[in-house]
Amino acid sequence: MLKIEDLQVSIGDREVLQHIDLEIKPGETHILFGPNGSGKTTLLMTILGYPQYRVTAGKIEFKGVDITHMPVHERTRLGIGMSFQRPPTIHGLKTRQMVQICGRGAVDVEALAAKVNFTDFLERDINAGFSGGEIKRSELLQLMAQDADLLLFDEPESGVDLENIALIGNTISSLLQRDFRIDADLTQKDRRQQRTKMGLIITHTGFILDYVTADKGQVLYDGVMSCKSNPLEIFRCIKQAGYEECVRCTT
Amino acid sequence: MYDMMNEKAAQAKDKKAALGPDIDLSSFTAEPTDHGYMEDLTKLPMIDRQRILESGVDATEEGRSGTYVQEDASVLHAHSLQDGLEVLPIKRALKEKDWIREYYWKLVAVDADKYTAAAQLNLQDGYVIRALPGAKVTLPVQACLYIHKEGLGQYVHNLIIAEEDSELHVITGCATSPTLKRGLHVGISEFFVKKNAMLSFTMIHNWAEEMSVRPRSVGVVEEGGLFLNNYICMKPVRSLQMYPTIHLAGKGAVSRFYSLLVGSPGSELDVGGRILLKAPETRAEIIARAISNGGRIINRGDLIGEVPGVKAHLECRGLMLRGGLIHAIPELQAKVDGVEMSHEAAVGKIAQEEILYLMSRGLTEDEATATIVRGFLSVDIPGLPPALKAEIDRAVEMSEKDYL
Ligand SMILES: Nc1ncnc2c1ncn2[C@@H]1O[C@H](COP(=O)(O)OP(=O)(O)OP(=O)(O)O)[C@@H](O)[C@H]1O
Ligand SMILES: [Mg+2]
């Protein structure tokens, strides 16, 4: 379980997140909405432990461990994985090597790459000249190798063409143990009980909702969390009335 | 011929070099001891075997087409394992082979500076490696210049000749015994790549902290020839200065330089590369990676386009790991219209963002740093046989403990 209590985060001198509470139980997936600059990426990066996002108050707990001040790689080893919005290029590091790093050497890189149409990119330097859509598939490939328990997705579908959206949507869904095409004979209830993976997905377009059935949705507005409810409803409300209106009527 | 050489050399014996700190040659006075010839190199003491192995020279000679090993001033071993390949000490060649006159001091000027002069006046030995016309010597020839004697000045002269339509790969290691502290190495190398021949020359230097090193290398590539020149120097060295120069003299000749340099505290490296594009359709590329770990590195590159239609690129990337200095000096000279020459130089430190990205995939900060440095140093060298690529990777890996 991920449990965030009264979290406050600053970047430099600027307070970006205020009094954030969030709880993601094993098997749950949450959707995070919010306008540009509202602090969504900040929240994910803080959960991951990037040092420029400074926790000034509050607490983050994962699997019962207080990770508020834990270094990034220890959080990763505890089971947190992230699909980045704008990952850096590392020259001379082949995508194949990166996937091996993610899988601690114990994964079939070829087989995983085939799943996201990424075989042709394995010999390229990681993220070097990757297009927007290619970056998304590369990030998913790394997450598949990583086998994390809490998966954070920062706009996994933005800039992705229509055909690849299905690929990406279905891959995320299966990473979160929500792919109905697998073990089709299981009942909904069985599925829910067996599921352990947790997800937190940032989306602007809402396309991902066509592929991933999420449990909860929330809106981050001006650094404050609000509107905890059904993600489809929230999305509909945002589309019709805009963020400001949507936040006002539900809080 | 030698009298004339000696005369010219004598006149230049105090002539300071254009670049690099001046070295007092008279302070390297140790008398070389004679080590005698060795039929079986595996009889070398293990500690020395290990040391030369780090420079890519394997005493078992497995996977090699020929071997030359010199310790201090004496030739331990020189022989070829393949038809069409000649490996012999230069002193013997000077006595026995008439053709040597076409090559000896033909590219490097004996009176260029005090180091070239001293190499003529104090010549100890050196290797001649020659692939006969049409010979495809696909396994590497290995050559090692090893210094054991404390305070020795080693003066060698090497000739590498790839005759027409031949293929030749040379891996040469220069190293010092683990106990040696101070010494001097002066090495003249002249490269001849004839019509449609291919030569790859991979040099791995493993020096000692108080070593001074002054290689002097010039090569010529004829029509359709290819010369790959790889240089790796990642261990500490007091002072190293070299500026190998290649003349692309025939139509379509190609040369590529790759160098990997690490400047450790107390080390001063001044390493350049110059390629003159003198014939139509010639191509040149110089790629350098320099890491400063507290030492000083000057990395020069000079491309000179003398006829229209040539193409050349120069790239120098520097990584400041732990202080020190990296000075990249890329130069392009176009002497006519219609040449296509470019350069890029970038010096910086490791981006924190890259370290964090790797940490988010499970690596510790140190592992992430090592991974980025390894990536920085991994350059693809098209045309290099896998065995030599493996030697370069091994040298990189082995030096990691010195700077990571
Ligand atoms: N390194 C930084 N220095 C200064 N301000 C920053 C920095 N990183 C983020 N911010 C600011 O923090 C605020 C929150 O940024 P964040 O990236 O979390 O927004 P977001 O909700 O993910 O937006 P988007 O939808 O555009 O991705 C923004 O105002 C942004 O400009
Ligand atoms: Mg964002």
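The values are calculated or read from the model by the stated rules, or taken from the named source; none is laboratory data. All values derive from a computational prediction rather than experimental measurement. Note that each Cβ is placed from the backbone with ideal geometry, even for glycine, and that neighbours are counted across all protein chains shown.
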Filtering strands (runs of 3 or more DSSP E) wholly in the stretch B:295-404 for at least 3 residues that are within 14 Å of chain A (Cβ to nearest Cβ) gives B:311-320, B:340-348
Exactly one of B:ALA395, B:ALA387, B:ALA368, B:ALA345 is touching a helix residue (DSSP H, G or I) at 6+ places or on another chain (Cβ under 7 Å) and either closer than 18 Å to B:SER267 by Cβ or not assigned by TED's automatic domain parsing to the domain that holds B:VAL137 (or both), and that residue is B:ALA368
When A:THR203 is run through (1) of a type in the set (Val, Ile, Thr); (2) closer than 19 Å to A:GLN85 by Cα; (3) over 14 Å from the mean Cα position of the chain (by Cα), the failure sits at (3)
**Message:** Quick check on the stretch A:24-40. Is at least one of its residues away from ligand 2 (no atom under 16 Å from the Cβ), outside any loop (DSSP other than H, G, I, E, B) and either within 14 Å of another protein chain (Cβ to nearest Cβ) or out of contact with any Asp or Glu (no Cβ under 7 Å at 6 or more places or on another chain) (or both)?
**Reply:** yes
Contact list, first residue from the stretch A:3-14 and in a loop (DSSP other than H, G, I, E, B), second anywhere and not basic (Lys, Arg), beta-carbon distance below 9 Å, six or more apart or interchain, is A:GLY12/A:GLN52
The correct count of residues that are in contact (Cβ under 8 Å) with a residue 40 or more places away in the chain, surrounded by fewer than 23 Cβ atoms within 10 Å (Cβ to Cβ) and not charged (D, E, K, R) in the stretch B:209-219 is 1
**Q.** Qualifying residue in the stretch A:163-180 (condition: of a type in the set (Phe, Trp, Tyr), surrounded by fewer than 18 Cβ atoms within 10 Å (Cβ to Cβ) and closer than 29 Å to A:LYS3 by Cβ)
**A.** yes
Taking the stretch A:210-251 and keeping only residues that are of a type in the set (S, T, N, Q) and either outside any helix (DSSP H, G or I) or within 16 Å of ligand 1 (Cβ to nearest atom) (or both), one is left with A:THR213, A:GLN218, A:SER226, A:SER229, A:ASN230, A:THR251
Reported set for the stretch A:44-65 where residues are facing chain B (nearest Cβ under 8 Å) and among the hydroxyl-bearing types (Ser, Thr, Tyr) is A:TYR50
Checked B:TYR127, B:TYR146, B:TYR104, B:TYR115 against criteria (under 15 Å from the mean Cα position of the chain (by Cα) and within 21 Å of B:ILE246 (Cα to Cα)); the one match is B:TYR127
Screening B:ALA395, B:ALA334 for residues that are modelled with pLDDT of 90 or more and aliphatic (A, V, I, L, M) leaves only B:ALA334
Just one listed residue, out of A:GLY34, A:GLY12, A:GLY39, A:GLY49, is more than 14 Å from ligand 1 (Cβ to nearest atom) and out of contact with any His (no Cβ under 6 Å at 6 or more places or on another chain), and it is A:GLY49
Restricted to the stretch A:41-66 and to residues being part of a strand (DSSP E or B) and more than 18 Å from the chain's Cα centre (by Cα), the residue nearest to A:GLN85 (Cα to Cα) is A:ARG54
Going through the stretch B:15-26 in order, the residues found to be touching a residue at least 12 places away in the same chain (Cβ under 8 Å) and surrounded by 10 or more Cβ atoms within 10 Å (Cβ to Cβ) are B:LYS15, B:LYS16, B:ALA17, B:LEU19, B:GLY20, B:PRO21, B:ILE23, B:LEU25
B:ILE161 vs (1) under 19 Å from B:SER55 (Cβ atoms); (2) free of Cβ contacts under 8 Å to residues at least 60 places away in the same chain: all pass except (1)
| Does any residue of the stretch A:66-74 turn out to be away from every other protein chain (no Cβ under 14 Å) and of a type outside the set (D, E, K, R)? | yes
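So that you can scan it fast, the table gives a plain yes or no per residue for (1) surrounded by fewer than 21 Cβ atoms within 10 Å (Cβ to Cβ); (2) more than 18 Å from the chain's Cα centre (by Cα); (3) touching a residue at least 24 places away in the same chain (Cβ under 8 Å):
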{"residue": "B:GLY266", "(1), (2), (3)": "yes, yes, yes"}
{"residue": "B:ASP270", "(1), (2), (3)": "yes, no, yes"}
{"residue": "B:ALA279", "(1), (2), (3)": "yes, yes, yes"}
{"residue": "B:GLU285", "(1), (2), (3)": "yes, no, yes"}
{"residue": "B:ARG289", "(1), (2), (3)": "no, no, yes"}
{"residue": "B:ILE297", "(1), (2), (3)": "no, no, yes"}
{"residue": "B:LEU303", "(1), (2), (3)": "no, yes, yes"}
{"residue": "B:ARG322", "(1), (2), (3)": "yes, yes, yes"}
Exactly one of A:THR171, A:THR196, A:THR205 is out of contact with any strand residue (DSSP E or B) (no Cβ under 7 Å at 6 or more places or on another chain), away from ligand 2 (no atom under 16 Å from the Cβ) and in a loop (DSSP other than H, G, I, E, B), and that residue is A:THR196
Subset of the stretch A:80-94, residues at pLDDT 95 or above and among the small types (Gly, Ala, Ser), comes to A:GLY81, A:SER83
Of those in the stretch A:25-75 that are more than 18 Å from B:GLN352 (Cα to Cα) and acidic (Asp, Glu), the residue surrounded by the fewest Cβ atoms within 10 Å (Cβ to Cβ) is A:ASP66
